[in-house]
Amino acid sequence: MASFLSFLLCSLILALFLISVTGETLESSFLHHKKEKLTHFRVYWHDIVTGQDPSSVTIMNPPKNYTGSTGFGLMRMIDNPLTLTPILSSKMVGRAQGFYAVTSKEEIGLLMAMNFAILDGKYNGSTITVFGRNSVFDKVREMPVIGGSGLFRFARGYVQARTHEFNLKTGNAIVEYNCYVLHY
């Protein structure tokens with residue numbers, strides 16, 4: 001029994017060693033020849049909740065017993081157009097896909113979880129992932145970029161959101177996003 005435990009312990013130690021060496025070698029060999037760069041781009045995020053073809057749909061309403069005014073508990077799934085200008089008919093360069101939820105009882109504070117899927121230009125097919133808190137009535141909101149794919153592999157950074165237009169009657173919004181992304 002003691003020899004079996006010794007064998008098991010040695011095998012485990014060897015496996016852990018090989019995993020750590022292999023992981024380090026793959027990452028360092030990939031990153032060794034790459035230079036990190038900062039990319040900045042600006043897009044306009046169109047949150048369309050009304051009409052025949054909304055890009056933002058409610059998937060969960062606030063609980064019926066909730067009496068607050070913030071909409072706490074509301075959740076929407078999004079597939080919002082990203083355009084070069086605030087005009088919806090301007091060139092679409094990507095889509096914001098994910099969800100947002102009202103997570104504050106005291107203010108309109110959202111949890112944003114979305115991918116910016118780039119559909120045009122040099123970064124076509126690449127994505128960045130934004131995940132963070134959005135206090136919608138602040139003039140400028142900052143949220144982290146926590147990853148990416150394609151040319152944005154190993155991405156990190158932040159976005160700054162500024163409301164360009166919000167229609168109180170319809171709930172539709174246009175938000176300017178300035179994206180600052182470090183990647184290889």
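Quick rundown of the values:
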| item | result |
| --- | --- |
| Some residue of the range 97-118 being among the hydroxyl-bearing types (Ser, Thr, Tyr), more than 22 Å from Tyr177 (Cα to Cα) and part of a strand (DSSP E or B) | no |
| Failed item in (1) outside any strand (DSSP E or B); (2) surrounded by 15 or more Cβ atoms within 10 Å (Cβ to Cβ), with Ile128 passing the rest | (1) |
| Counted residues, the range 161-175 - those being within 15 Å of the chain's Cα centre (by Cα) and surrounded by fewer than 19 Cβ atoms within 10 Å (Cβ to Cβ) | 0 |
| Matching residues in the range 149-160 - criterion: being crowded, with 16+ Cβ neighbours inside 10 Å and within 20 Å of Thr83 (Cβ to Cβ) | Phe152, Val159 |
| Matching residues, the range 56-72, being at pLDDT below 95 and open to solvent by less than 60 Å² (accessible area, probe 1.4 Å) | Pro62, Tyr66, Gly68, Thr70, Gly71 |
| Failed criterion for Lys139 (all others in (1) touching a Cys at 6+ places or on another chain (Cβ under 6 Å); (2) open to solvent by 60 Å² or more (accessible area, probe 1.4 Å) hold) | (1) |
| Options Ile108, Ile118, Ile87, Ile78: the member that is open to solvent by 70 Å² or more (accessible area, probe 1.4 Å) and modelled with pLDDT of 90 or more | Ile87 |
| Residue within the range 77-89 that is of a type in the set (Gly, Ala, Ser) and assigned to a strand (DSSP E or B) present | no |
| Residues of the range 23-55 classified as open to solvent by 100 Å² or more (accessible area, probe 1.4 Å), modelled with pLDDT of 80 or more, assigned to a loop (DSSP other than H, G, I, E, B) and of a type outside the set (D, E, K, R), total | 1 |
| Positions within the range 133-179 being among the small types (Gly, Ala, Ser), assigned to a strand (DSSP E or B) and within 28 Å of Gly51 (Cβ to Cβ), in sequence order | Ser135, Ala161, Ala173 |
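The values are calculated or read from the model by the stated rules, or taken from the named source; none is laboratory data. What you see is a predicted model; the values in this text were computed from it and never measured. As a convention, Cβ positions derive from the backbone with ideal geometry for all residues, glycine included, and neighbour counts pool all protein chains shown. Protein only, heavy atoms only, side chains kept; ligands, DNA and RNA dropped before computing areas. Shrake-Rupley method; radii C 1.70, N 1.55, O 1.52, S 1.80 Å.
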